[in-house]
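The values are calculated or read from the model by the stated rules, or taken from the named source; none is laboratory data. These numbers come from a predicted model, not from an experiment. Ideal geometry is used to build each Cβ from the backbone, glycine not excepted, and the neighbour counts take in all protein chains shown.
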């Protein structure tokens, strides 16, 4: 019998956010593979868990992954922990999960806190669809490419950044997105000094230039504004007649035309009601 790999989401900062199921898993597993063993030991003491703790992070040697897979194949259960939040999201855990699945070992998700979802939930920006870019490269073509992805995205964009590089990121985003683009900076979510600040990208850059940020930072950028098409009343009227003849209500026709032609709903409603 092989063991199981449990991918365990842990609190961003507030220990009260640890689920009871996550606590039970940590108390039952044989081994914890931790991105930061010091932080994970604090959490394990909180739930009185005493598994063997092994370091596993982006710079771990291949031998450590081999060791974890061997333990699972021998029947031991392993919990994968990141510093905070959900493992394998902007985190080296994905490589271990892939390797374990390839070995035929079961992988079980223990869901819970996520910095991405937490930031989206308090941002006020649309979250039905979003683009997550994680930590951007510090320089080079890849950084420029991802900054352009953020600028052109038709969805809300989420980026992680170190506090000491926040201002330079906001300045770079201001250049590619334009001075009027809205954004939100969340900092230290669920912790004592939690803050959420919204504004334009230049305003936020100016604010954090004066108020040096600390702690864990997530930046959310509003989607690229849609450009309105030129309103052609004749085309709208013709299409409206077609839809009305099919039995659609005036209200539904006005709404549909606004989306189809990327024009103001107020204008399409005016044309439709005049027919």
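General observations
- Within the stretch 181-209, residues that are under 14 Å from residue 160 (Cα atoms) have Cβ atoms under 6 Å from residues that are surrounded by fewer than 18 Cβ atoms within 10 Å (Cβ to Cβ) and modelled with pLDDT under 95 in these pairs: 187/215; 188/215, counting only partners at least 6 apart in sequence or on another chain.
- Qualifying residues in the stretch 1-24 (those that are touching a residue at least 60 places away in the same chain (Cβ under 8 Å), over 25 Å from the mean Cα position of the chain (by Cα) and surrounded by fewer than 19 Cβ atoms within 10 Å (Cβ to Cβ)) - the one farthest from residue 192 (Cα to Cα): 1
- Evaluation of residue 199 against (1) buried (at least 17 other Cβ atoms within 10 Å of the Cβ); (2) touching a strand residue (DSSP E or B) at 6+ places or on another chain (Cβ under 9 Å) (one fails), failing number: (1)
- You will find that of 120, 136, 146, the residue that is assigned by TED's automatic domain parsing to the domain that holds residue 216, at pLDDT 95 or above and within 15 Å of residue 184 (Cα to Cα) is 120 and no other.
- Screening residue 2 on (1) in contact with a helix residue (DSSP H, G or I) (Cβ under 7 Å, 6 or more places away or on another chain); (2) farther than 24 Å from residue 190 by Cβ; (3) assigned to a helix (DSSP H, G or I) shows it passes everything except condition (3).
- Considering each residue of the stretch 69-79 in turn, at least one proves to be over 30 Å from residue 178 (Cα atoms), assigned by TED's automatic domain parsing to the domain that holds residue 21 and under 24 Å from the mean Cα position of the chain (by Cα).
- Residue in the stretch 249-263 that is outside the structural domain of residue 183 (by TED's automatic domain parsing), touching a residue at least 24 places away in the same chain (Cβ under 8 Å) and outside any helix (DSSP H, G or I) present: yes
- Selection count where residues are touching a helix residue (DSSP H, G or I) at 6+ places or on another chain (Cβ under 8 Å) and either in a helix (DSSP H, G or I) or over 19 Å from residue 115 (Cα atoms) (or both), scope the stretch 146-173: 10
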